[in-house]
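Just below is one structure, and these are the notes that go with it.
Since every read-out is calculated from the coordinates, none of them should be taken as a lab result. Values in this document were obtained by computation on a predicted structure and should not be read as measured data. Virtual Cβ from ideal backbone geometry, glycine too; neighbours counted across all protein chains shown.
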């Protein structure tokens, strides 16, 4: 993510000032805090909302992959990681809970997926900061992102399926 930020704004890789680094770290802290808060307290259910985050992750995965000028093998590995993550996400999403609040349906995500997502997010960001121009580590970041994306897609599918059962 930091590498994409640097490329998007024309910053040289690995030469950002302390202010830029502080800005990125603050934005990441806010993002992580909001995700954890929503995961713990629950999120209002909507069909569009369930697939919004996975769609954003999928777009980011594709954009960051093609920023690396991938080979066909790299694309195949990322696609396999997304598929594997999807299957894992379907299985781990069983901790999902629906509840009603003031006549509106809310849901709490699986705690397991939230912990795995947080660990992979911190790992990705740590690798990007430690090795910003290393292509091998860049691909490792991409594989982690793809696996996480697949997990969140699998979780979204599980949420939609479970919501149908919840309504009955």
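Taken together, the residues in the range 39-72 that are part of a helix (DSSP H, G or I) and in contact (Cβ under 8 Å) with a residue 12 or more places away in the chain amount to 15.
With the structure loaded, tell me whether residue 159 is surrounded by 15 or more Cβ atoms within 10 Å (Cβ to Cβ), in contact with a strand residue (DSSP E or B) (Cβ under 8 Å, 6 or more places away or on another chain) and either assigned to a strand (DSSP E or B) or at negative phi (or both) or whether it fails that test. Let's see the steps before the verdict.
Values: surrounded by 15 or more Cβ atoms within 10 Å (Cβ to Cβ): yes; in contact with a strand residue (DSSP E or B) (Cβ under 8 Å, 6 or more places away or on another chain): yes; either assigned to a strand (DSSP E or B) or at negative phi (or both): yes.
It is true that residue 159 is surrounded by 15 or more Cβ atoms within 10 Å (Cβ to Cβ), in contact with a strand residue (DSSP E or B) (Cβ under 8 Å, 6 or more places away or on another chain) and either assigned to a strand (DSSP E or B) or at negative phi (or both).
Using the structure shown, decide if residue 90 is assigned to a helix (DSSP H, G or I) and exposed (fewer than 13 other Cβ atoms within 10 Å of the Cβ). Judged against the criteria, residue 90 is not a match.
Please verify whether the range 135-153 includes one or more residues that are part of a loop (DSSP other than H, G, I, E, B) and out of contact with any strand residue (DSSP E or B) (no Cβ under 6 Å at 6 or more places or on another chain). Within the range 135-153, none of the residues are part of a loop (DSSP other than H, G, I, E, B) and out of contact with any strand residue (DSSP E or B) (no Cβ under 6 Å at 6 or more places or on another chain).
Is it the case, given these coordinates, that residue 152 is farther than 18 Å from residue 61 by Cα, in contact (Cβ under 8 Å) with a residue 24 or more places away in the chain, crowded, with 22+ Cβ neighbours inside 10 Å and touching a helix residue (DSSP H, G or I) at 6+ places or on another chain (Cβ under 8 Å)?
Details: farther than 18 Å from residue 61 by Cα: no; in contact (Cβ under 8 Å) with a residue 24 or more places away in the chain: yes; crowded, with 22+ Cβ neighbours inside 10 Å: yes; touching a helix residue (DSSP H, G or I) at 6+ places or on another chain (Cβ under 8 Å): yes.
No: the conditions fail for residue 152.
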